[in-house]
1. Tally up the residues in region 285-302 that are among the polar types (S, T, N, Q) and either without any contact (Cβ under 8 Å) to a residue 40 or more places away in the chain or away from the ligand (no atom under 12 Å from the Cβ) (or both), please.
2. With the structure loaded, tell me whether Asp12 is acidic (Asp, Glu), away from the ligand (no atom under 16 Å from the Cβ) and at pLDDT 95 or above or whether it fails that test.
3. Give me the residue from region 327-340 that is surrounded by fewer than 22 Cβ atoms within 10 Å (Cβ to Cβ) and of a type outside the set (S, T, N, Q) and, out of that set, nearest to the ligand (Cβ to nearest atom).
4. State yes or no: is Ser305 of a type in the set (Ser, Thr, Tyr), at pLDDT below 90 and within 16 Å of the ligand (Cβ to nearest atom)?
5. Say whether the condition of being aliphatic (A, V, I, L, M), over 23 Å from Val141 (Cα atoms) and not in a strand (DSSP E or B) is met by at least one residue in region 276-297.
6. Pairs please, first residue from region 1-13 and of a type in the set (D, E, K, R), second anywhere and more than 11 Å from the ligand (Cβ to nearest atom), Cβ atoms under 6 Å, 6+ apart in sequence or on different chains.
7. All but one of (1) assigned to a strand (DSSP E or B); (2) touching a residue at least 60 places away in the same chain (Cβ under 8 Å); (3) away from the ligand (no atom under 16 Å from the Cβ) hold for Pro96; state the number of the condition that does not hold.
8. Do the conditions hold for Val337, that is, is it among the hydrophobic types (A, V, I, L, M, F, W, C) and within 16 Å of Glu190 (Cβ to Cβ)?
Amino acid sequence: MTLRSYQVGFGDCFLLTFHYGTQRRHMLIDFGSTAKPKGAPKELMMMVAEDIRRHCENKLHVLVATHRHQDHIGGFATSSDPDKEGTGDIIRSCIPNVVIMPWTEDPKAETDAKHATTIEGKELALARNTLRDMEMVAASVTEEEKHLRFGYSLSEHLAFLGEDNLKNASAVKNLIAMGKASRALFVRYEEEPLDLESELPGVTVRVLGPPDLTQSEEIVSMRSKDAAQFWMLQAAAGSTGKAGKVNGNEKYVFDSAGPFRDAVPTAPHLAPPHTRWFIRRMNAIRGSQLLRLVRVLDNVMNNTSVILLIEVGGRKLLFPGDAQIENWNYALSKPDVVERLKDVDVYKVGHHGSRNANPLSVWHGFKKKRSNKPGGAVLQTFMSTMAGKHPGGHNPKDPHTEVPRESLVEALKKETDHFSTQMLDSENVFKEFEIKLDSP
Ligand SMILES: [Zn+2]
């Protein structure tokens, strides 16, 4: 099999190709970006989409959208101009046989008892409304960031996280439509592998996360704790609006009936000099509140990531999206899963190399690290990332949160055959790797 790691800057895009004699079958995992690398061509995403189509000869067998973040699904958005192809139109023209998404994306509650969406009416609606509300809050934060004057780095971080959590209406719609046209699987943790035998014969695909709310009490309590924190923060930050409609589009509408409704807004530089320090101070407080809020939101969304373990020809490949520890915990509570993960051969580094998405217990469990395997086949790791983009960085108040995390990158380089999209030069849209399989 071959693995293509595409250059999408800050985002993920991997294409797996399984070779059956002269025939080939393709599985695309994510296609999105929130920031292009320096010097990248303007039409980078278009180039990636076209390369995918060329390489898969207009046919995708399986498409995976791990979670709703822009840096994973932005590329699935279609063009609003009927005469122009968008990146999502190109992917759609490859008519995927199966579209895999987390259970939280299911547009309707199924009645199949084994399926995650059996969570009856209220709870499912709650989960889905929570996602929608999160996007609304992200929209309001992004909006507010444009109006208030924050310090440069705070502003940049807010905009980055806010935009990643914005509703990707076009991409989500396209994914649902592609799923409807073929087969859509809204997945949760399952003991049994997915049924993909007709698309990818001989390939076993297991879903290790996310758990749904009936499976993980921890997720329920985590969620309610997060929800409490989330809304507490929202209240503390001063609820200034709600979901509403503007010209038929769902939008965050600012409240016009607040206590300062009659106040006339003044640009800070026009305010009386003796009040300016106060405005600056208030803006700084507001900015850090918003950043906390939007971080909670980002973590919750990451935890809807699909975690896939792919087994083929005696090899194991682990693709965890951006799943963080709360998502991982349910699978890691199962001794047989922990055992199964030990001899992973290929690991897609979680969440672009952030510190909270690569559980140490999983890392310690990997047997094929260099120091364990002198002379043997070494664990291969793939990281799609772009340094200097994610909040944290070298902020002294918030140490060790840079992405990719330095100590993790060092460990990956020392203990594995490591590839990062940061190693690609600007002429290359992808790098391809051959993964040798045992003959059947
Ligand atoms: Zn991501």
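The values are calculated or read from the model by the stated rules, or taken from the named source; none is laboratory data. All values reported here derive from a predicted model rather than from experimental measurement. Note that we place each Cβ from the backbone using ideal geometry, even for glycine, and neighbour counts take in every protein chain shown.
1. Step one: filter region 285-302 for residues among the polar types (S, T, N, Q), giving 288-289, 299, 302.
Still in the running and either without any contact (Cβ under 8 Å) to a residue 40 or more places away in the chain or away from the ligand (no atom under 12 Å from the Cβ) (or both): 288-289.
Total satisfying the criteria: 2.
2. Values: acidic (Asp, Glu): yes; away from the ligand (no atom under 16 Å from the Cβ): no; at pLDDT 95 or above: yes.
No; evaluated as a whole, the condition is false for this residue.
3. By that ranking, first place goes to Leu332.
4. Criteria not met by Ser305.
5. First, the residues of region 276-297 that are aliphatic (A, V, I, L, M): 279, 282, 284-285, 290-291, 293-294, 296-297.
Next, only the ones that are over 23 Å from Val141 (Cα atoms) stay: none.
No, region 276-297 has no match at all.
6. That search, which allows pairs on different chains as well, returns Arg4/Leu15; Arg4/Phe430; Arg4/Glu432.
7. Failed condition: (1).
8. Working: among the hydrophobic types (A, V, I, L, M, F, W, C): yes; within 16 Å of Glu190 (Cβ to Cβ): yes.
Yes.
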